Amino acid sequence: MPAEANTAESNQDGAWLTIGSFDGVHIGHQQIIKTLVRGAATEKASSLVVTFYPHPVKVLKDIQAPFYLTTPEEKDRELSGLGITSMLTVRFDRELANLSAYDFMKILHGRLKFSCLLIGYDFHLGKNREGDITELTAIGENLGYCVRAIEPLESGSQAVSSSRVRKLIMEGQLGEANKMLARWYELSGEVVHGDERGRHIGIPTANISCWSEKLIPATGIYSSWAQLDDRLIPSVVNIGLRPTFYENPTLQTIEVHLLDFNRDIYGSNMRLHFVNRIRDEEKFDSAETLMKQIRADINKSREVLANAPAKKNLSA
């Protein structure tokens, strides 16, 4: 069983274990992990998370577009913050997808010797998704470990899921998505040079170069907290094509204007914590009209952020 990254010991005798992609580490995932950590602690056992990269859906459906709610580093940070003992990341490919549920669990149990498997209510594993709760319970009885299932966590009468969070983010509904994440949705990357149009009109912006596979929110203007090292700065983010300046725009950019901040930060790494969407991206008839709207966006962002706790998205 190949591992992309492995922070787990080769033997986890008696450990409690959960398996899943955990993209986004949303409140449903958090409920599973917290139950795992508590249960393991009761038995004085370690708590182990087995996850996959690339995401199985991305491989099986050959998805090329940006997809992930969390980068591998973000997922590791969020899972570690929930108190797990260790994590094993398994590289997912077509060969692994063709393993039966029994063969996969036999290999995994032979390597890790865990005593209890905790899974979500809709979890499936193995070729053709054959390993549902019933099948996995039977496999556990055969191999000598218990299997426990966690009931779904709902939001607005629907089960919380990564696919639901993705849909909300692609629609620009960051307020609703954030509720399911229990933190602000995040983009991060290096501050790079743009065309510096913002500087020329008196409202300088920083362009962020993000991981190409990270899901970008819908085009529009957002209120956000920008994080540089440990400093949090109120900001306005524009995701879009800048139609006011380009006749046939094709290049989407992520530009952030930092409020009450004036420092050269090219080459720095910035994290953007998206609080809410202010409006759609629009084409204006002049730079002056655009500047007037940007000032209104800045005031709106200040208003939104005044009621949004800056540290909600920061790991302990």
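Each reported figure results from applying straightforward, stated rules to the coordinates on display, with no laboratory input. Worth saying up front: this structure is predicted, and the values here are computed from it rather than measured. For neighbour counting, all protein chains shown are included, and Cβ atoms are generated from backbone atoms with ideal geometry for every residue, glycine included.
Stretching the chain fully between Y266 and D62 yields a gain of 69.9 nm (0.36 nm per residue, less the alpha carbon separation). Each DSSP beta bridge with both residues in region 31-181 is either parallel or antiparallel, and the antiparallel ones are about 20%. Across all C-alpha atoms in region 52-135, the radius of gyration and Dmax reach 14.0, 39 Å. Within the straight-line cut-off of under 20 Å between alpha carbons, the aspartates and glutamates reachable from K283 are E171, D195, E196, E247, E255, D297, sequence neighbours fewer than 8 places apart in one chain being disregarded. By DSSP, the beta bridges lying fully in the chain are antiparallel in about 70 percent of cases. The gain in end-to-end length when the A41 to S157 segment is fully stretched comes to 38.6 nm, 0.36 nm per residue minus the alpha carbon separation.
Of the listed pairs K34/K113; K44/K127; K58/K167; K34/K300, which have alpha-carbon separations greater than 26 Å here? Result: K44/K127; K34/K300 exceed 26 Å. For region 33-49, the Karplus equation 6.51 cos²θ - 1.76 cosθ + 1.60, evaluated at θ = phi - 60°, returns couplings of 5, 5, 5, 4, 5, 5, x, 5, 4, 4, 8, 6, 10, 7, 10, 10, 10 Hz by residue, with Gly and Pro reported as x. Considering only G81, L290, V236, and ranking their Cα positions along the charge dipole of the chain that arises from unit charges at the beta-carbon of Lys, Arg, Asp and Glu, the one farthest toward the positive end is G81. For log10 I(q)/I(0) by the Debye sum over Cα atoms at q = 0.09, 0.10, 0.16 Å⁻¹, the candidate list reads [x] -0.60, -0.71, -1.28; [y] -0.74, -0.79, -1.19; [z] -0.53, -0.63, -1.26; the entry that matches the value derived from this model is [z].
Could you state, as a whole-number percent, how many of the C-alpha pairs of region 9-159 are farther apart than 26 Å? In whole percent, the share of Cα-Cα pairs in region 9-159 beyond 26 Å is 21. Between helix 287-306 and the chain there is an angle of about 50 degrees, using the helix long axis and the longest principal axis of the Cα atoms. In the chain, the calculated helix contribution to ellipticity at 222 nm averages -9000 deg cm²/dmol per residue, counting -39,500 (n - 2.57) for every DSSP H run with n ≥ 4.
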